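Written out below as structure tokens is the structure these notes cover.
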Amino acid sequence: MTECTAHPGGGPSRIPSAPAGAEGRPGDARTRQRGGPDGTTLPRVTDDRTPVDGQDDVDRPDDESADAGAARRPRGIDPLELGFTPRKPVPWLAPLLLISTGLRTLLAMLFGAYLDKRELQNAFGDGIFRQVGPDGGLWLDYVADLGDGFNATYSVAYLLAQPELEVDGHRLPRARTLVMGGDQVYPSASYAAYEDRCKGPYQAALPGTPPERPTLFAVPGNHDWYDGLTAFLRLFVRSRDRHFGGWGTGQSRSYFAVELPADWWLLGLDDQSGSYLDDPQLTYFDAVARKLGPQSLVIIAVPAPTWVKAVDHPTAYDSIDYFVRTIVAPTGARVRLLVSGDLHHYARYAGPDRQLITCGSGGAYLYPTHHLPERIEVPPRDTLARRASRTRAYDLVARYPDRARSRRYGWGVFGRLPLRNPGFSTLLGTLHTLLMLAMAGVAANRAGGTEQRLFSVPLVAMLVVTMLGAAVFAKPPSAGGKRHVRHWLLGVGHGLAHVALAAAGTWAWLALPFYHWSWPLPAAAAAVVYGPVIGFLAAELVAAYLLVAGAFGVNLNELFAGQGIEDSKAFLRMRIDPDGTLTIYPIAVDRVARDWKLNPDTSPTASWLAPKSPLAPRLAEPPITLRP
């Protein structure tokens, strides 16, 4: 009988951060280095074979080299000692980042099929892995969307690496298997970004291999795909030096199958950008399916919660449904759990015999939960797939943060948006200054007809730019899906609000003496005086628009991405008992650490850095038990 139950169960210093986007130069794996802040060189954390006490361990076996590298503990918390540069959270509304993200999205749309390396992975290994603990059971962790700012990413990594956590009365030992569920790095895949935002923090959290020799498996997300999966494959799919800090990397492709205790199976899919599953991947899982039977229970890790996204985009779930319907279902095995990241929060939908869990809270900015649908149908009834599985209803039974806290976070946009994105405020100030000068030239009407018409040309151009920019912002190309009437109405309304702000600013500017000074003093005064003030006011206007638009389900991502909220993080710790019972502990951290110190424990597996104020993990909801 199938059953699903829930039951309670040194001195002050900060990590120095370098600006986002500082890059290193890739080179040989044993000699790669990078320039430090003072011109010195930094050892790369990819140097798995680190010399100890001046001796090169090139002849050591791989397993010994990992522990040798762990022995070289940092003597300080600056980048020179750590071997990587802790990064600040990504400023998602920074102008250059907005442009580069748009370009990457455009390139992915135009050339994604040409960059798809999945077809080439047929030449890679096709192993099926087995993970089991000494007692016949297994502890397994799941974390996703982790490679952002250091404080949030390392807070979660630190908890994952501890020998044991005590959470709401439950004693939870460190997992033997760690699954990373996608978007291991932000804003885009590069060697330096992986080093600083992902591998570096995790190596600092677990520098040496503990006795249980934990293994790491990773699913690529859309940000891992921005370089065509090149950096991801070189980091997680390696034939030598298969170490990720104290974890060993286990997979041979960008997807994997792991046999777990009691005939449980973990299948990690590479569903790149919601496209068709490639033939080599399907062939690989066909071989896996031959090992499944009616008693088998399956966990599927996917890059995105398409069961939620299918509410607005009915075809989003099609590839997962195809996989379950054609690969798993014919064996008689049951899919008991679908888990994903991509949306940066924790949410669980429960159905008759399956749980759908989103847990993308490993380090990236918080995404709201108060707009999640209370009930979804999976697969959706209006999908275009002609052979979809039977539609079943799933109810939202848990979310973190809760609805009230999520709403309160939304109101914080007025303070956080200009603080987190100074470049965005500067861009708005520049555009509004140009718009004001164009309006002032027409409104003053001091010139003849020809000069007046010349002043009118830039005004028309600026009005077009303002309205068009606001309309595009309401539904950016990266968001996907169709535009609805609400997008157009909110976009046009947002544009008109900026025009009104510009008109008010022009009226105020003309009342001041600056405009009547001789040229070019008015332009200089506008840049120095008007620009910063109007930039702040325009940023607050954008914040107000985002709050209003968010109430209608528009620009929700921008509402929270612009705030870059580091708190409210979560990961899953799961236990499979020898009798086949799966218990899921959703662990939440209300506030991440901001200040760090060197760990006085210098044992090889002890974290390099410890929080000055202890982290306080708790359960986001009571443990979920799935019985065979």
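The values are calculated or read from the model by the stated rules, or taken from the named source; none is laboratory data. All of these numbers come straight from a predicted model, not from anything done at the bench. Note: ideal-geometry Cβ built from the backbone for every residue, glycine included; neighbour counts use all protein chains shown. Note: accessible area is taken over every heavy atom of the protein model, side chains too, but ligands, DNA and RNA are not part of it. Shrake-Rupley method; radii C 1.70, N 1.55, O 1.52, S 1.80 Å.
Can you confirm whether the stretch 439-451 contains a residue that is at pLDDT below 90, open to solvent by 60 Å² or more (accessible area, probe 1.4 Å) and hydroxyl-bearing (S, T, Y)?
yes
Being surrounded by fewer than 24 Cβ atoms within 10 Å (Cβ to Cβ) and closer than 17 Å to G250 by Cβ is the filter here; which residues of the stretch 223-234 pass it?
Answer for the stretch 223-234, where residues must be surrounded by fewer than 24 Cβ atoms within 10 Å (Cβ to Cβ) and closer than 17 Å to G250 by Cβ: L233, R234.
Just checking, does the stretch 603-624 include any residue being in contact with a Gly (Cβ under 6 Å, 6 or more places away or on another chain), open to solvent by 30 Å² or more (accessible area, probe 1.4 Å) and more than 29 Å from R75 (Cβ to Cβ)?
Yes, the stretch 603-624 contains at least one residue that is in contact with a Gly (Cβ under 6 Å, 6 or more places away or on another chain), open to solvent by 30 Å² or more (accessible area, probe 1.4 Å) and more than 29 Å from R75 (Cβ to Cβ).
Could you count how many residues in the stretch 365-391 are of a type in the set (D, E, K, R) and in contact with a strand residue (DSSP E or B) (Cβ under 6 Å, 6 or more places away or on another chain)?
3
When you scan the stretch 393-402, how many residues do you find that are open to solvent by less than 30 Å² (accessible area, probe 1.4 Å) and either of a type in the set (G, A, S) or within 16 Å of L356 (Cβ to Cβ) (or both)?
Residues meeting the conditions: 4.
Kindly indicate which of R375, R390, R416, R405 is open to solvent by 50 Å² or more (accessible area, probe 1.4 Å), modelled with pLDDT under 90 and charged (D, E, K, R).
On inspection, the qualifying residue turns out to be R390.
Of the numbered conditions (1) at pLDDT 85 or above; (2) open to solvent by 30 Å² or more (accessible area, probe 1.4 Å); (3) closer than 30 Å to N557 by Cα, W507 fails exactly one; give the number of that condition.
Of everything listed in (1) at pLDDT 85 or above; (2) open to solvent by 30 Å² or more (accessible area, probe 1.4 Å); (3) closer than 30 Å to N557 by Cα, W507 misses just condition (3).
Is the stretch 514-529 home to any residue that is open to solvent by 40 Å² or more (accessible area, probe 1.4 Å) and either in contact with a Gly (Cβ under 7 Å, 6 or more places away or on another chain) or among the basic types (K, R) (or both)?
No - not one qualifying residue is present in the stretch 514-529.
Kindly indicate whether any position in the stretch 453-468 is modelled with pLDDT of 80 or more, open to solvent by 30 Å² or more (accessible area, probe 1.4 Å) and charged (D, E, K, R).
no
Could you name every one of the helices (runs of 4 or more DSSP H) located completely within the stretch 95-195 that has at least 2 residues being modelled with pLDDT of 80 or more and open to solvent by less than 30 Å² (accessible area, probe 1.4 Å)?
Here the list reads 150-161, 191-194.
Would you confirm, using the coordinates I've provided, whether F536 is closer than 25 Å to G412 by Cβ, open to solvent by 30 Å² or more (accessible area, probe 1.4 Å) and in a helix (DSSP H, G or I)?
Against the criterion (closer than 25 Å to G412 by Cβ, open to solvent by 30 Å² or more (accessible area, probe 1.4 Å) and in a helix (DSSP H, G or I)), F536 qualifies.
On the basis of being more than 20 Å from H344 (Cβ to Cβ), open to solvent by 10 Å² or more (accessible area, probe 1.4 Å) and either of a type outside the set (G, A, S) or out of contact with any strand residue (DSSP E or B) (no Cβ under 6 Å at 6 or more places or on another chain) (or both), does E558 make the cut?
no
Could you list all residues from the stretch 567-583 that are surrounded by 24 or more Cβ atoms within 10 Å (Cβ to Cβ) and farther than 16 Å from T358 by Cα?
I576, L582
So, R375, is that one under 28 Å from the mean Cα position of the chain (by Cα) and closer than 18 Å to P586 by Cβ or not?
It is false that R375 is under 28 Å from the mean Cα position of the chain (by Cα) and closer than 18 Å to P586 by Cβ.
Taking into account only those residues within the stretch 287-305 that are in contact with a Gly (Cβ under 7 Å, 6 or more places away or on another chain) and open to solvent by 10 Å² or more (accessible area, probe 1.4 Å), which is nearest to C359 (Cα to Cα)?
If we take residues in the stretch 287-305 being in contact with a Gly (Cβ under 7 Å, 6 or more places away or on another chain) and open to solvent by 10 Å² or more (accessible area, probe 1.4 Å), then P303 is nearest to C359 (Cα to Cα).
Working carefully through the options D263, D241, find the one that is surrounded by fewer than 21 Cβ atoms within 10 Å (Cβ to Cβ), over 21 Å from the mean Cα position of the chain (by Cα) and within 25 Å of S607 (Cβ to Cβ).
After applying the criteria, what remains is D241.
Select, from P422, P380, the only residue that is open to solvent by 70 Å² or more (accessible area, probe 1.4 Å) and under 30 Å from the mean Cα position of the chain (by Cα).
Going through P422, P380 in turn, just one is open to solvent by 70 Å² or more (accessible area, probe 1.4 Å) and under 30 Å from the mean Cα position of the chain (by Cα): P422.
So in the stretch 313-344, with the set limited to residues that are at pLDDT 90 or above, over 17 Å from N222 (Cα atoms) and in a loop (DSSP other than H, G, I, E, B), which one is most open to solvent (accessible area, probe 1.4 Å)?
G332
With P220, P207, P211 as the choices, which residue is surrounded by fewer than 17 Cβ atoms within 10 Å (Cβ to Cβ) and either among the acidic types (D, E) or part of a loop (DSSP other than H, G, I, E, B) (or both)?
P211
Hey, among L626, L559, L598, which residue is closer than 25 Å to K88 by Cβ and more than 25 Å from the chain's Cα centre (by Cα)?
Unique residue meeting the criteria: L598.
Would the stretch 359-374 turn up any residue that is within 17 Å of V298 (Cβ to Cβ) and touching a Leu at 6+ places or on another chain (Cβ under 8 Å)?
The answer is no; no qualifying residue exists.
What's the total number of residues in the stretch 355-371 that are open to solvent by 10 Å² or more (accessible area, probe 1.4 Å) and touching a Lys or Arg at 6+ places or on another chain (Cβ under 6 Å)?
1
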